[in-house]
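A quick write-up on the structure given underneath.
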Amino acid sequence: MYVAGNSINEIETKLTKDLSNVGNWCTHNNMVINIEKSKIMLVSTRQKRQYLRGNDINVCIDDQPLEPVGCHKLLGVHLDQCLTWSSHIKHIKTKISRNIALLRRIKRYLPLNTRLTFYNSFILPHMDYCSTVWGNCSDVLIDSIFKLQKLSARLILDADTSTSTSTLFKQLKWLPFRQRTVYHKGVTVYKSLNGLAPLYMKSLFKYTSEVHSRTTRSTMADCLYVPKVKTEFRKKSLGYSGAILWNSILPEIRNSPTLKVFKTKFYDYLFQSI
């Protein structure tokens with residue numbers, strides 16, 4: 001559950017009303033809210049946080065206050081108050097590093113195809129999981145993941161540090177992590193526009209022709225409308241960054257008849273640029 005507001009008092013009022021409705025629904029359906037597992041977090045930019053009254057929200061359920069947290073795990077993703085994703089990336093780096101260390105110990109006993117299977121099963125999923133959500137983090141955090149990806153490539157191919165990263169990735173047919181997040185974002189937008197994702201995902205995007213009645217090059221090319229945003233924080237949202245990305249993709253790729261065809265064409269397009 002989430003609400004938005006211009007002040008903490010407004011947020012507390014909205015949350016209290018919504019929690020009351022949830023409580024009534026639970027009562028009518030013989031259910032009980034687990035208050036110990038229920039947390040509350042105030043999400044904002046660092047700049048706005050300086051002007052807020054305190055950093056916590058005071059909301060109760062059945063006269064029991066909810067515990068305020070600065071970071072919390074939700075569906076496998078660690079959310080922090082400023083959505084910097086530093087906590088999440090620190091967590092996945094630990095998991096990836098642990099599996100890379102295991103690969104280093106056992107790789108002498110494994111042929112190339114088995115090493116690749118290990119990577120695809122125990123390392124890559126940690127990089128890919130929900131990367132469309134947190135992949136717009138800072139370049140420093142992205143590079144920290146990319147370094148682990150490069151290390152994995154060197155271990156798999158028994159390559160030394162003198163071999164260029166580009167050579168390794170072309171041999172393995174890998175996309176660098178930054179391009180891989182772009183790939184997944186493009187796939188998400190394609191699914192959203194073609195009825196392959198939940199309806200609320202499609203509502204994030206509108207074609208330019210749906211916003212402007214006059215004929216322009218963007219309306220004729222079936223480009224997406226790019227919403228006007230004022231902050232860098234909003235530019236990282238999927239509704240904005242996804243539209244920018246989609247408009248940059250070649251029309252022959254965007255107009256792919258099936259998801260499989262789109263994935264193949266888009267992956268090949270990104271791979272050619274490394």
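Which one is least open to solvent (accessible area, probe 1.4 Å), of the residues in the range 60-84 that are of a type in the set (Asp, Glu) and at pLDDT 85 or above? Looking at the filtered set, the residue picked out is ASP80. Screening GLU232 on (1) under 19 Å from SER192 (Cβ atoms); (2) open to solvent by 70 Å² or more (accessible area, probe 1.4 Å); (3) out of contact with any helix residue (DSSP H, G or I) (no Cβ under 6 Å at 6 or more places or on another chain) shows it passes everything except condition (1).
Within 30 Å of SER248 (Cα to Cα), in contact with a Ser or Thr (Cβ under 9 Å, 6 or more places away or on another chain), in a helix (DSSP H, G or I) and open to solvent by 20 Å² or more (accessible area, probe 1.4 Å): is that true of THR132 in this structure?
Yes, satisfied.
Regarding the range 103-122, can at least one residue be identified that is open to solvent by 50 Å² or more (accessible area, probe 1.4 Å), closer than 27 Å to ALA159 by Cα, at pLDDT 90 or above and part of a loop (DSSP other than H, G, I, E, B)? Within the range 103-122 (the criterion being open to solvent by 50 Å² or more (accessible area, probe 1.4 Å), closer than 27 Å to ALA159 by Cα, at pLDDT 90 or above and part of a loop (DSSP other than H, G, I, E, B)), the answer is yes, since at least one residue qualifies. Among the residues making up the range 219-274, a single one is in contact with a strand residue (DSSP E or B) (Cβ under 7 Å, 6 or more places away or on another chain) and in contact (Cβ under 8 Å) with a residue 60 or more places away in the chain: TRP246. Being among the charged types (D, E, K, R), closer than 19 Å to PRO125 by Cβ and not in a helix (DSSP H, G or I): is that true of LYS73 here? Yes, satisfied.
For the range 248-268, the set of residues classified as within 15 Å of LYS191 (Cα to Cα), in a helix (DSSP H, G or I) and of a type outside the set (Lys, Arg) consists of ILE253, LEU259, VAL261, PHE262, THR264, PHE266, listed by residue number. Screening the range 1-59 for residues that are of a type in the set (Asp, Glu) and open to solvent by less than 90 Å² (accessible area, probe 1.4 Å) and picking the one that is nearest to GLN81 (Cα to Cα) gives ASP56.
Of the residues THR188, THR208, THR181, THR163, which single one is over 20 Å from the mean Cα position of the chain (by Cα), open to solvent by less than 50 Å² (accessible area, probe 1.4 Å) and either farther than 25 Å from ILE274 by Cα or at pLDDT 95 or above (or both)? Full working, then the answer.
Working: THR188 fails: over 20 Å from the mean Cα position of the chain (by Cα); THR181 fails: over 20 Å from the mean Cα position of the chain (by Cα); THR163 fails: either farther than 25 Å from ILE274 by Cα or at pLDDT 95 or above (or both).
After ruling out the rest, the residue left standing is THR208.
The values are calculated or read from the model by the stated rules, or taken from the named source; none is laboratory data. Worth saying up front: this structure is predicted, and the values here are computed from it rather than measured. Because the Cβ atoms are built from the backbone with ideal geometry, glycine has one as well, and the counts that use them run over all protein chains shown. Accessible surface areas use protein heavy atoms only, side chains included; no ligands, DNA or RNA. Shrake-Rupley method; radii C 1.70, N 1.55, O 1.52, S 1.80 Å.
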